[in-house]
Structure formats: C-alpha cells, structure tokens
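Down below is the structure, laid out as structure tokens.
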Amino acid sequence: MRVAFSTLGCRLNQFESDALEQMARAAGHTVVDAEAAPEVVIVNTCTITHEADADARQHVRRAARAGAKVVVTGCWATAAPAEAAALPGVTLVVGNREKERLFEVLGETCSDEHVPEIHVAPVDLLRRVRAARLRPAADPRRSRAYLKIQDGCDYRCSFCIVPQVRGRSVSVPPAEVRAQLDELVAAGVPEVVLTGVHLGIYGRDLRPRSTLSSLVAELLPQLGPARLRLGSVDPHEVDDDLVTLLATDPRLCPYLHLPVQSGDDDTLRRMRRAHTAADLQALVPRLAAAVPGIGVGTDVIVGFPGESDEAFAATHALLAALPLAYLHVFAYSPRAGTDAACLSGQVDAAVKQQRGAALRALSAAKQRAFAAAQIGRTLPVVVHRTRHRRTGLLVGRAGNGLTVLATGDDALLGRATQIEVERAEGPLAVGRLVA
C-alpha cells in the first residue's frame, strides 16, 4: 500500500514515526507524502493539552476527507481510543505499546471494510511494562536522527497526563542502545539526539542500575564522525559526571534543555516538580563556567493555578538573572485527567497572556545576546538538508543549539562543518565556512 505519516507532538513521537516508516518499507509498503494520494495515513498523535487533542482530530479528518484509510496511534489514541475510532475514515486505533505490531495488525484489518478495530492495552501505573521495540531510522529529509533510550515516567506532576498514556519509566538496556547507535552511525547520520519521556531517570529500573551520564560515556566512543545531543533533563538530575562530559568531550554537544516550568518554589510544589528554583540557580552558572559557550534553555509555564503576581515576578527575576540562551513559554491550560485541573486559583486568560508576553520578550533578548556572544568563535555546525527559506544561505545548528547561516555549496547539505561567526542578526548567527 501507499502509506503516509502525520506526526504530532514531541521528539519521541518523531523517533517512533521514523521507526514505523522503516517498518512500512520492510513490510513492502511505499511511504509517500500526504499530498501524494496515499491509501493509508498513519496519524501519530499527542495528547499533552486539549489543543493537542483537537489537532489530532483535525489531522484525522483531513486524511479521511482525502479518501485515505486512517490509522490513529500515539498518545491521544491511547488516552481516548473509542473517540478516535468513532471518527469518519478511521480503520484502526493502535496504542503506544502496540506500535511495534502496527503493520502486522494493519495487514489483517485493511483487507476488508468493517468496524474500526482498537488495539490499545490499558496503562497500568503499578507495574513496568517494556517499551515497544522500535528500531531507529535515519530520515533522509533531516540531518539528525533520534534515538529512544527511555519511555514513560515515574513522576506525577500535577499538570501532566503523560504517565497515563506512556506508563511507568522503562529504560532501553545499554547494549541495545549501543547497537542502535551503531546502525545510525553506519548510515552516516552526523548528529544523534537521545530522546525519551524523562531522560534524567534513565537506568533506575535496570539491573544492574545505570545512569544517563554512564550511558553517555559508553556511547561517545562509538560516534565516529557523528556527535551526540541530549534532550530534556531536569535540573536536579544533571550530575557531576554529566557536567564533566559536557566540559571535556567535544563529541557531546555543549547544550542542555532544563524544563524548570517555574522559578517560584510554592508554584513548583503545587506542580509536584522534584526540583527547586535553587537547583536551577546553582546549575546554570556552573554549566556556563565549566562549558564556555554552552547553550542552556528551559521551559516555563505561566498562569499555573495559584500563581500570584509575586510568584511570577520571582520566576521572571530568576530567569532574567541566569545565562540562558532561550525560553520556551507556555500558558497553562487545564487538562482533564490531571490533578491541576481541579486546583483553585485558576488564573485569568488575560493575565496569562501578559505574563507570557513578558517572558517571550525576555527570551528574545536572551536569544539575541547569545547569538552576539558567539561572534569570533568557530562553531561545529550540522547543516540542514534544505537551505534557509528567506536568504537562500546554508542553515544549520551549532553544537550549542545556535542557528547559523553561511554561504556554501549544496555539497554541504546534511553534513557537518565548521563556521566562524562574523555577526549576529537577531537570534541568528551569520558566518563563513572554515572547514
């Protein structure tokens, strides 16, 4: 069959869609773009917010209107399988844990027209169930590949639905991770991004126990010419060994994303986050001193229930004082099925908008400052496979996360190079090739 994919949500979903595309080809199907008249569209959904649910439904309806049979999988499919199956055009609903069997089930389901089938096992938060076994894939449309090392989460943040759709934390054993990394390096991928739901608790469920930093230390010698990038890690889970690796091994990108969510301790307690504002306050300057030029970013939620003007001011002051490269800013929205949806002190939408605007302005200033601070430095850059849309220049991502533009030939598309930064244009750096 002609199969297309529509992927919503996080990097973990992108890894799983890449793996499913590889499985589709191995099963004899042809993977096509959504505009190329596919017979089947696989919609890999997100359910982190009600807006994500609505986006999932919209993508399903769009595929059905185009005449394709629709397979719904991912987190929304796991959270609301009956609702997904009731949408017009849906043939099959497959949960996260069942993704490894998707094409086996699809071959049986699509042979005849009948009532949509649902293959979604209930998520049991009292026991660990191994993650779906999916192999990594190098997508020729991108210059980096994702490598899933962990799934699920043992934390119970009051605003988050993810444990209910991903289950308890399960780590991929180091030997399997190493074997999968070898596949990506052999395919010539210049950058591999480690991904999961909660990277910082990697290895706690394994016997013998492992840690994220020990896994990274094992992986670095296998990279060859490639480099390794970490996804999100909570501030209190960045240990001394990981800081040392970031400071001493150029194969590990000097970059960390720390999803702090708030800089006010009372708000963090209501969120049931495991870190404090002091954890971020201590870690970021330490990283900046140990790893010159490191790019450190964070996630922030504004308008969480009970967030007072004073609490927001504390968050703004903390983030303004730290040497951060950017902020990802989100306005809190109640999510059914989470404890935070029932909390008192819901914040007015206009106040959320004002607070979000203030933090986005702060982020823009930090992005400009970070780009300007790189002038005169030579940065390792992995060039994207397409040129910058506005300028037509090569565009790529430096190890520290900075977006860099340069003049160069198409032969460099999708490859690693060195660029000396000559000037900054807002959040972007512009430079010249040196290697």
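The values are calculated or read from the model by the stated rules, or taken from the named source; none is laboratory data. Just so you know, these numbers come straight off a predicted model, no measurement behind them. Virtual Cβ from ideal backbone geometry, glycine too; neighbours counted across all protein chains shown. Remember, those area values only see protein heavy atoms, side chains included, never the ligands or the DNA or RNA. Shrake-Rupley method; radii C 1.70, N 1.55, O 1.52, S 1.80 Å.
With Kirkwood's inverse mean 1/r over C-alpha pairs for Rh, give me the Rg to Rh ratio of the range 369-435, two decimals please.
Values: Rg = 10.4 Å, Rh = 11.3 Å.
Here the Rg-to-Rh quotient is 0.92.
Can you tell me the Rg and the Dmax, both Å, for the Cα atoms in the chain?
Spelled out, the Cα radius of gyration and Dmax of the chain are 21.9, 64 Å.
Rounded to two decimal places and with Rh computed the Kirkwood way over Cα pairs, what is Rg over Rh for the range 88-165? Working shown, then result.
Values: Rg = 15.8 Å, Rh = 15.3 Å.
Ratio value, two decimals: 1.03.
Rounded to a whole number, what % of the accessible area of the range 72-169 do carbon and sulfur atoms account for, probe 1.4 Å? Can you show the working numbers first?
Details: 2220 of 4060 Å².
Carbon and sulfur together cover 55 percent of it.
Report the full-extension gain for the segment T403 to T30: residue separation times 0.36 nm, less the Cα-Cα distance, to one decimal in nm.
Between T403 and T30, full extension yields an extra 130.9 nm.
Once the whole set of protein chains is in place, how much accessible area is left on E310, using a 1.4 Å probe, in Å² to the nearest 10?
Ignoring ligands and nucleic acids, E310 comes out at about 130 Å².
Quick one: 3J(HN,Hα) in Hz for the range 189-200, Karplus 6.51/-1.76/1.60 with θ = phi - 60°, rounded, Gly and Pro as x.
5, x, 9, 10, 10, 6, 9, x, 6, 8, 4, x
Ranked highest first by the average count of other Cβ atoms within 10 Å around their residues, in what order do 190-198, 223-231, 119-127 fall? Walk me through the intermediate numbers first.
Numbers: 190-198: 23.8, 223-231: 19.0, 119-127: 12.9.
So the peptides 190-198, 223-231, 119-127, ranked by packing, come out 190-198, 223-231, 119-127.
At q = 0.12, 0.14, 0.16, 0.18 Å⁻¹, what log₁₀ I(q)/I(0) does a Debye calculation on the Cα points of the range 117-273 give, no solvent, two decimals?
Summing over Cα pairs of the range 117-273 leads to -0.56, -0.76, -0.97, -1.17.
What does the charge dipole of the range 19-102 about its Cα centre add up to, to the nearest 20 debye, if the Cβ of each Lys and Arg holds +1 and the Cβ of each Asp and Glu holds -1? Don't jump to the answer; show the numbers that get you there.
On the way: 9 positive and 10 negative charges, 39 e Å.
Dipole about the Cα centre, nearest 20: 180 debye.
Dividing the convex hull volume of the alpha carbon atoms of the range 185-281 by its residue count, what do you get in Å³ per residue? Provide the component values of the computation, followed by the final result.
Values: hull volume 11.0 nm³, N = 97.
Dividing the Cα hull volume of the range 185-281 by its residues yields 113 Å³.
Once the mean 1/r over all distinct Cα pairs of the range 307-435 is inverted, what Kirkwood radius in angstroms do you read off?
Values: mean 1/r = 0.0588 Å⁻¹.
By the Kirkwood definition, the hydrodynamic radius is 17.0 Å.
Let me spell out the model: positive unit charges on the Cβ of Lys and Arg, negative unit charges on the Cβ of Asp and Glu, origin at the Cα centre of the range 359-425. What dipole size does that give, in debye rounded to 20?
Details: 11 positive and 5 negative charges, 71 e Å.
Dipole of the range 359-425, to the nearest 20 debye: 340 debye.
So for M23, M1, what's the accessible-area order with a 1.4 Å probe, most first? Display every interim value, and only then the final one.
Working: M23 50, M1 75 Å².
Output order, biggest surface exposure first: M1, M23.
Work through the residues other than A145 whose Cβ is under 10 Å from its Cβ and net out their charges, Lys, Arg +1 and Asp, Glu -1.
Surrounding charge for A145 is -2.
In straight Cα distance, which lysines are under 23 Å from K366, not counting same-chain residues fewer than 8 positions off?
Reachable lysines: K352.
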